[in-house]
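These notes are about the structure you will find just below.
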Amino acid sequence: MSRQMIGTRGNLTSSMGTTAAQGVALGTAVNISERPVTQQGMRGMKTTHGPARKVQDSSYYVGVLRNKVTELTTEIYSLQTEHKQHERSVNEHGGLQKHHDSLLNRVRILEGTLADYNLALDKVRVS
């Protein structure tokens, strides 16, 4: 007669010779690593996968809020820096535009003087 392991499924027969009804416990596959340890204390089953917190208390939420405040502060600082740079470029653009206008007026004056000299030179050649 072969020896069967506890919890394994075997051919159970009743006294009448027919196959006996099996209970739910014998037909269930049990993974030993998921069973709670009772001799050395309760370890319990693993309920989460990965590094997630099991209990989210007030200190957890305070930490989350601190992270968000840090992110917001960093973003505000970068936006302020970008705004200041934009203001400087707008001011610089205004100054460059004024300088451009003054140079354009000077070029027109010099072109007019050049035209006068060219007319005078043509009169000298013709006469």
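The values are calculated or read from the model by the stated rules, or taken from the named source; none is laboratory data. Quick caveat, the model's predicted, so the values are computed rather than measured. Virtual Cβ from ideal backbone geometry, glycine too; neighbours counted across all protein chains shown. Just the protein is used for accessible areas: all its heavy atoms, side chains included, with ligands, DNA and RNA removed. Shrake-Rupley method; radii C 1.70, N 1.55, O 1.52, S 1.80 Å.
Here are a few things to note about the model shown:
- Here Tyr60 passes the criteria (1) open to solvent by less than 100 Å² (accessible area, probe 1.4 Å); (2) aromatic (Phe, Trp, Tyr); (3) at pLDDT 95 or above except the one numbered (3).
- Taking every residue in the range 103-118 that is surrounded by 10 or more Cβ atoms within 10 Å (Cβ to Cβ) and pairing it with any residue that is modelled with pLDDT of 95 or more and of a type in the set (A, V, I, L, M, F, W, C), at least 6 positions away or on another chain, yields no pair with a Cβ-Cβ distance below 8 Å.
- Pairs meeting the criteria (first residue in the range 56-84 and part of a helix (DSSP H, G or I), second residue surrounded by 10 or more Cβ atoms within 10 Å (Cβ to Cβ) and modelled with pLDDT of 95 or more, beta carbons under 9 Å, at least 6 apart or on different chains) are lacking.
- Residues that are more than 17 Å from the chain's Cα centre (by Cα) and of a type in the set (D, E, K, R) were ranked within the range 67-89; the one that is most open to solvent (accessible area, probe 1.4 Å) is Arg88.
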